[in-house]
Structures are given as structure tokens and as C-alpha cells.
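Taking it in order: structure first as C-alpha cells, then the write-up.
The values are calculated or read from the model by the stated rules, or taken from the named source; none is laboratory data. Please read these numbers as outputs of a predicted model, since none were measured by experiment. Cβ atoms come from the backbone with ideal geometry, glycine included; neighbour counts cover every protein chain shown.
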Amino acid sequence: MERTLSIIKPDGVSKRLIGEVIKRFEKNDLRIVAMKMVHLSKKEAEGFYAVHSERPFFDSLTNFMSSGPIVVMVLEGKGAIKKNRELMGATNYKEAKPGTIRHEFASSIEQNIVHGSDSPETASTEIAYFLNALEIFDY
Ligand code: ATP
Ligand code: MG
């Protein structure tokens, strides 16, 4: 079993895609073992995306990520990190495969509906950024 962090970004929430995204996870054997809605401050968004702090899109990305509420989830399942990223599709929605979340719903490279951890190391840091042990459940 593996765990990964998923975020429905502010564009996904405002486009009313929470149910659509969750449905895809549950249908694909990704169990939601933690979930909450959060509105990040600019500083908190900068902390989350600190690895990208030198990138030209950092300021815009962190403004976007702090522009409205997000839904943060921990997904658990066999190969959860890779499976989640397959369901999401490529970062650039124009390159994302048909049927993926980003291909279907994203509107720009930045506003691409979902985030997913990209390795076991980032998954554990990202999960710890949002949730403590008492907020993650076994069922
Ligand atoms: P995420 O980390 O959100 O799951 P990702 O791993 O597919 O996405 P990263 O390279 O980690 O992509 O970039 C993080 C986020 O920064 C992207 O999801 C997107 O919102 C934004 N981003 C990435 N590249 C660009 C770009 N060239 N221009 C604008 N925004 C970008
Ligand atoms: Mg990433």
C-alpha cells in the first residue's frame, strides 16, 4: 500500500468538480483516507510549492493556489502515486491523454484542476504539510 497527496485546486473547486474528481479516485481503487477543505494564505502556498521558488511561474502559481478554497486528500492504494498521476494527466493539459482529469477540465498550464505528489519522498512531506496522524484513517 502506498499513500499520496491529492489537491483539488481552486479552479477545480470553483468549477464544481469536487465530486467528479473524487468519483474517479474511488472508481480506480484509490481509497480516500483523509480529506479537508483549506484556503491557503499566500505564505502557505509558497511553503507548499517551495521547490518551485526559483521558477518564473512561482508568484503566479502561489497567487492562484491561495485564491480560493482547495480540497486536500490523502489517497491510499497499490501504486497510488503513479495511478493518481495517470488519472490527472500531463501538467500541460494540451499534452494530457484523453480521458484524464486535466485533458477533460484544465484551462491552462497553471490552472490544471489537480495536484498529485510525484514520488514517495514528496508524498510524505506533502502529506505532513497538511495532515497529522489523527486526521488519516484506516477503514
Ligand atoms: P502538481 O505539482 O501541481 O501536481 P505537476 O507535478 O504536474 O503538478 P509541476 O512541474 O510540479 O507539475 O508544477 C507545479 C504546478 O505549477 C503545475 O501543476 C502548474 O499548476 C504550475 N506550472 C507548471 N509549469 C508551469 C508553467 N510553465 N507555467 C505556469 N504554471 C506552471
Ligand atoms: Mg509537481
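Taken as a whole, the condition of being in contact with a Ser or Thr (Cβ under 9 Å, 6 or more places away or on another chain) and crowded, with 19+ Cβ neighbours inside 10 Å does not apply to Val51.
Residue-wise test of (1) within 11 Å of ligand 1 (Cβ to nearest atom); (2) more than 19 Å from Pro10 (Cβ to Cβ).
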{"site": "Lys43", "(1), (2)": "no, no"}
{"site": "Val72", "(1), (2)": "no, no"}
{"site": "Gly79", "(1), (2)": "no, yes"}
{"site": "Met88", "(1), (2)": "yes, no"}
{"site": "Arg102", "(1), (2)": "yes, no"}
{"site": "Asp118", "(1), (2)": "yes, yes"}
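Applying the criterion of at least 3 residues that are under 17 Å from Thr122 (Cα atoms) to the helices (runs of 4 or more DSSP H) found wholly in the stretch 31-91 leaves 42-48, 80-88.
With the condition kept exactly as written, say whether any residue in the stretch 55-63 is under 15 Å from the mean Cα position of the chain (by Cα) and at pLDDT 95 or above. Yes, some residue in the stretch 55-63 is under 15 Å from the mean Cα position of the chain (by Cα) and at pLDDT 95 or above.
Looking across the stretch 18-70, just one residue is away from ligand 2 (no atom under 16 Å from the Cβ) and of a type in the set (Phe, Trp, Tyr), and that is Phe25. Looking at the stretch 107-123 only, could you name the residues that are away from ligand 2 (no atom under 14 Å from the Cβ) and without any contact (Cβ under 8 Å) to a residue 40 or more places away in the chain? If the condition is that a residue be away from ligand 2 (no atom under 14 Å from the Cβ) and without any contact (Cβ under 8 Å) to a residue 40 or more places away in the chain, then Ser108 is the only one that fits.
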